Amino acid sequence: MAKMKTQIGIVGAGPAGLTLAHLLHLEGIESVVLERQSREYVETRVRAGVLEQGTVDVLCGSGVGERLKREGLEHGGVELRFGGKGHRIDFQELVGKSITVYAQQEVVKDLIAARLAYGAPLYFEAEATGLKDYDRDPKIYFQLGGECHEISCDFIAGCDGFHGICRPALPGEQLEIHERHYPFGWLGILARVPPASHELIYSYHERGFALLSMRSPEVSRLYLQCAADEDLNHWSDDRIWGELRTRMATRDGFVLRDGPILQKGITPMRAFVASPMQFGKLFLLGDAAHIVPPTGAKGLNLAVADVRVLAQGFVEFYKRASSRALARFSDRCLERVWKCQRFSGWMTSMLHRFPQEDAFAHHLHLAELDYVTCSRAASTTLAENYVGLPFDSRGRF
Ligand code: APR
Ligand code: PHB
């Protein structure tokens, strides 16, 4: 068996693993990143696309934001649409911040290019198969090119997403799992057609939620609320566009042009938190530790927030010989994670139709949306959560 040694063994080259590896590299801390998929797979996987200002600052501040600054679409607000009318929530005016639309796989591409350019270890098609002694003398076993390898490291960062091996390696009886399944999903499409609005539109309709987002001035990303067990085969392109038009319609004749659908898929909706996010010398970050329903656009941003906390912890450990920040990793992350769960859950219940909802419930949705868009206090609540809470959860809003 081939053996290697590093300071931080990172499992997973999604946004969490790659951002962590990059921030550590800038601090002179060594890591090895293992990714079970191919480079092409992770660079083309269609995922989320909204970056909080704090996430943009981390990427730009660490020197991987050149393309993001050039190609990212900065938005100073979003629209909430209901009752056939749109209402803008003006982030800039309410909280002086913006969000940036830039696809997750573009963030991943930029981070991979940076890591390969400075020649730091990143292995694709390298599947971690087991962890050992993570409380004393951590080791990661992985398969690469049909051979088994071993990494000895000071710490393991489990950045291997919801279906990875790091969370299941923890003692189940000491791990609290908090979970909620929503009785619906999202049917998402990527289409080659200019976005029908230059900002995102979150639409509540009697037939269910719809969302208009984008990837570039030529490519739209759209979603429809659907059944949790929806069969994609029942959704022809015409049916998708027809349903989107119905749910996005306004009294003043909003026009949604269709175009070739490049990709479609169903996303289940769930909320999940594993606590604590650390055991011994093993830390969980991003989707490995928590999942939020996508209505608040928080998944990727939460992963970057975890990374920031852990990177600071490692810097204190290696440069100031202090484990204090590392010991507080889970508590610090979870405070913010639960606030983002709260926001994502609130956006989800406000904007979706739940099974068996009656006319009373429909009127409550409309009243809540009316209140949120009319009250400056309520709009500000939405805006400050959407653009991103401070990384330090005790920070001022
Ligand atoms: N060995 C190596 N790599 C693994 C293993 C394993 N055993 N198991 C999983 N991986 C890899 C996956 O292939 C994936 O590329 O770990 C990576 C995890 O990446 P993500 O799922 O993107 O998770 P994360 O980096 O936490 O990013 C969170 O992703 O799904 C979105 O909404 C989510 O935007 C959020 C972001
Ligand atoms: C997206 O562009 O994919 C997107 C935007 C906003 C969300 C979720 C997804 O809330």
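The values are calculated or read from the model by the stated rules, or taken from the named source; none is laboratory data. Note that the structure is predicted; figures quoted are calculated from it, not measured. Counting neighbours? That spans all protein chains shown, and the Cβs are built from the backbone with ideal geometry, glycine included. Surface areas here come from the heavy atoms of the whole protein model, side chains and all, with no ligands, DNA or RNA. Shrake-Rupley method; radii C 1.70, N 1.55, O 1.52, S 1.80 Å.
For the stretch 156-199, what are the residues that are over 30 Å from Glu218 (Cβ atoms) and in contact with a helix residue (DSSP H, G or I) (Cβ under 7 Å, 6 or more places away or on another chain)?
Residues satisfying the conditions are Ala157, Gly158, Cys159, Asp160, Phe162, Gly164, Cys166, Arg167, Tyr182.
Just to be sure I understand, how many residues within the stretch 15-33 are open to solvent by 20 Å² or more (accessible area, probe 1.4 Å) and within 11 Å of Leu310 (Cα to Cα)?
The qualifying residues number 1.
Which of the strands (runs of 3 or more DSSP E) contained wholly in the stretch 137-201 include at least 2 residues that are under 30 Å from Met1 (Cα atoms)?
Those strands (runs of 3 or more DSSP E) span 139-144, 147-158.
Does Arg36 count as within 15 Å of ligand 1 (Cβ to nearest atom), open to solvent by 60 Å² or more (accessible area, probe 1.4 Å), more than 14 Å from the chain's Cα centre (by Cα) and not hydroxyl-bearing (Ser, Thr, Tyr)? Let's see the steps before the verdict.
On the way: within 15 Å of ligand 1 (Cβ to nearest atom): yes; open to solvent by 60 Å² or more (accessible area, probe 1.4 Å): yes; more than 14 Å from the chain's Cα centre (by Cα): yes; not hydroxyl-bearing (Ser, Thr, Tyr): yes.
So Arg36 fits the description; yes.
If you check Gly299 against the conditions, is it open to solvent by 20 Å² or more (accessible area, probe 1.4 Å) and within 12 Å of ligand 1 (Cβ to nearest atom)?
Here the answer is yes, as Gly299 does meet what is asked.
For the stretch 21-33, give me each residue that is within 13 Å of ligand 1 (Cβ to nearest atom) and more than 20 Å from the chain's Cα centre (by Cα). Break it down stepwise before answering.
Of all residues in the stretch 21-33, those within 13 Å of ligand 1 (Cβ to nearest atom) come to 21-22, 32-33.
The one that is within 13 Å of ligand 1 (Cβ to nearest atom) and more than 20 Å from the chain's Cα centre (by Cα): Val32.
Among the numbered criteria (1) open to solvent by less than 50 Å² (accessible area, probe 1.4 Å); (2) within 16 Å of ligand 1 (Cβ to nearest atom), which one does Gln263 miss?
Condition (1) is where Gln263 drops out.
What are the pairs with Cβ atoms under 7 angstrom where one residue, in the stretch 55-77, is closer than 16 Å to His22 by Cα and the other, located anywhere, is among the basic types (Lys, Arg) and buried (at least 19 other Cβ atoms within 10 Å of the Cβ)? Sequence gap at least six, or different chains.
Pairs that qualify, where the first residue is closer than 16 Å to His22 by Cα and the partner is among the basic types (Lys, Arg) and buried (at least 19 other Cβ atoms within 10 Å of the Cβ), are Val58/Arg308.
So, in the stretch 83-99, how many residues would count as being out of contact with any Lys or Arg (no Cβ under 8 Å at 6 or more places or on another chain) and open to solvent by less than 20 Å² (accessible area, probe 1.4 Å)?
Final tally of qualifying residues: 3.
Within the stretch 49-95, can you find the residues that are among the aliphatic types (A, V, I, L, M), outside any strand (DSSP E or B) and over 27 Å from Tyr118 (Cβ atoms)? Walk me through how you get there before you give the answer.
From the stretch 49-95, those among the aliphatic types (A, V, I, L, M) are 50-51, 56, 58-59, 64, 68, 73, 78, 80, 89, 94-95; that's our starting set.
Still in the running and outside any strand (DSSP E or B): 56, 58-59, 64, 68, 94-95.
Matches in the stretch 49-95: Leu94, Val95.
Taking only the stretch 327-359 into account, find how many residues are acidic (Asp, Glu), within 18 Å of Leu285 (Cα to Cα) and not in a helix (DSSP H, G or I). Spell out the reasoning first.
Pass one, the stretch 327-359, residues acidic (Asp, Glu): 331, 335, 357-358.
After this cut, where a residue has to be within 18 Å of Leu285 (Cα to Cα) as well, the list is 331, 335.
Restricting the remaining residues to those that are not in a helix (DSSP H, G or I) gives none.
Qualifying residue count for the region: 0.
For the stretch 145-163, state whether one or more residues are open to solvent by 40 Å² or more (accessible area, probe 1.4 Å) and of a type in the set (Asp, Glu).
Looking through the stretch 145-163, at least one residue is open to solvent by 40 Å² or more (accessible area, probe 1.4 Å) and of a type in the set (Asp, Glu).
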